[in-house]
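Participant: Just dropping this structure here.
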Amino acid sequence: MDPIHSITNPIYVLMMLCLMVVLSYFAAKTKIGKKFGIALLAIVFTAVIANLGLIPSASNSIPLYDGIFTYLAPISIFYLLLGVNLRSIKKAGGPMIALFLIGSLATVMGILFSWWIIDPASTLGEDAGILAGMLTGTYTGGSINFNAIALQYGFQEKGALYAGTIAVDNVVTTLWIIVTLAIPAIMRPYWKDRRIEIEQSKDEKVSEMPIGYKSLALLVLLGLVAFWITQLVKEWVPQIPSIITITTLGILLAQNKSVARLKGSQPLGLYLVYIFLAVIGAYCEIASVIELKQIGLTLLLFTGLGVIIHGVLTILLGGLFLRDWDMVAISSQANIGGGTTAIALAETFGRKELVLPAILVGTLGNALGTYLGFMVIYLL
């Protein structure tokens, strides 16, 4: 087929991703769409067209998707941080860290209980224990922890099972984004909210204003410079995670009044996050799970039940100790989906003061995930 007319053409795919974001924006303006929000609609719309074969899905991944994960996601975090007030660390940082640690414990408990109920070893054999550790790692931190444990046991050499686990992980992660977006609306009528209020600074309000030519030019330059510096630091000091470097740069620049007053850093960052979430939707590949048949069903039940138990425990404990449902949902998403999707929730809920804490706990998850994953393997 002519590459121009192929569904793998990067311009075509990027056009479709942008179209899904635009459609999500207008759909979110409708009476029904308001209940879901742009973030959720972007994921769902893209998941639908990916599963219909209109754009590539996870099994037919293209370099564009990797580029969005590698470049757009960290740069979007940088832009969102340019409007962050460090007071959010003092008032929201502590509770978010506490909730995240509760969620991490709930992940471990969820995987262990799911192991007892589903008994994946009866279908997957000795690989089940390693898989349980990998899932614990990724649902505490992220793909870094997932792959760290897989590499230790050579699990990546088990082609079909490794690919199937990733497919199930993508489906469950996408569904959990939908669940966490709905948690505050579901819980508030039954369990009154105790929202932690943090006053928004003037500089944060400026960053939300419509973007102008001067601000756009400076923001694009700052984003590229920040990413370039991040790559240099990664080359010189590989031990420092890239997300730490670009986060630090964003925080430091946000304290400069001239940078903080640039118009449009928040809308620009959020737009890039929506593109990232659209790719997450494209990775929700139902067909790959179905093709695995019994193994796929076992993986889906084991993983799904583990995440559901995590959610129930996080909601119960979070409700008892804090009861800020936005924060509970964001911290849970930081566990299951990672820092970037947690940021999307914070922005969707209008909780800009939780953007930085979401990034911090996402980084904390990367630090803890591998250890907890190996602990689960040892326990099993």
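The values are calculated or read from the model by the stated rules, or taken from the named source; none is laboratory data. Fair warning: this is a prediction, and the values are worked out from it, not measured in the lab. Positions of Cβ are backbone-derived with ideal geometry, glycine not excepted, and every protein chain shown enters the neighbour counts. Just so you know, the surface numbers come from the protein's heavy atoms only, side chains and all, with ligands and any DNA or RNA stripped out. Shrake-Rupley method; radii C 1.70, N 1.55, O 1.52, S 1.80 Å.
Participant: May I ask which residue of Leu299, Ile62, Val48 lies farthest towards the positive end of the charge dipole of the chain, with charges of +1 (Lys, Arg) and -1 (Asp, Glu) on Cβ and the Cα centre as origin?
Facilitator: Sorting the options by dipole projection puts first Val48.
Participant: In addition: With helices defined as uninterrupted DSSP H runs, which ones in the chain have an alpha carbon span along their own long axis of at least 24 Å and mean Kyte-Doolittle hydropathy of at least 1.6?
Facilitator: 10-27, 94-118, 159-187, 265-282, 294-321, 355-379
Participant: Based on the mean of other beta carbon atoms within 10 Å per residue, what is the order of 46-55, 342-351, most packed first?
Facilitator: Answer by packing, highest mean first, reads 342-351, 46-55.
Participant: For a Förster distance of 30 Å, can you work out the FRET efficiency between the beta-carbons of Tyr190 and Phe113, rounded to the nearest 0.05?
Facilitator: It comes to 0.80.
Participant: Another one. What is the percent carbon and sulfur in the accessible area of the chain, measuring with a 1.4 Å probe over the protein chains and ignoring ligands?
Facilitator: So the carbon and sulfur contribution to the accessible surface is 69 percent.
Participant: Enter the Cα centre distance for the pair region 51-74 and region 283-337, rounded to the nearest angstrom.
Facilitator: The two parts, judged by their Cα centres, are 22 Å apart.
Participant: Continuing with the same structure: So for the chain, averaging the separation of alpha carbon pairs under 8 Å that are six or more residues apart and normalising by length, what relative contact order in percent results?
Facilitator: Reported relative contact order: 37 percent.
Participant: Do the sum for the chain: with -39,500 (n - 2.57) for every DSSP H run of n ≥ 4, divided by all residues, what is the mean residue ellipticity at 222 nm, to the nearest 500 deg cm²/dmol?
Facilitator: That comes out to -23500 deg cm²/dmol.
Participant: While we're on this one: Region 20-55: which trypsin sites (Lys or Arg not before Pro) are DSSP loop and have at most 10 other beta-carbon atoms within 10 angstrom?
Facilitator: Lys29, Lys31
Participant: Expected output is a single nm value to one decimal: the length gained when fully extending between Leu297 and Met375, i.e. 0.36 nm times separation in residues minus the C-alpha distance. What is it?
Facilitator: Difference between extended and current length: 25.5 nm.
Participant: Along the Cα→Cβ direction, 7 angstrom out, place labels at Trp236 and Leu19. What is the inter-label distance in nm?
Facilitator: That separation, rounded to one decimal, is 4.5 nm.
Participant: Got a sec? Charge dipole of the chain, +1 on Cβ for Lys and Arg, -1 for Asp and Glu; which of Pro357, Leu105, Ile240 is way out at the positive end?
Facilitator: Pro357
Participant: Measuring with a 1.4 Å probe in the full set of protein chains, what accessible area per residue, in whole Å², belongs to the chain?
Facilitator: Spelled out: the 1.4 Å probe surface of the chain, per residue, equals 46 Å².
Participant: With only Lys, Arg, Asp and Glu charged, each at its Cβ (+1 for the first two, -1 for the last two), find how big the charge dipole of the chain is about the Cα centre; round to the nearest 20 debye.
Facilitator: 1500 debye
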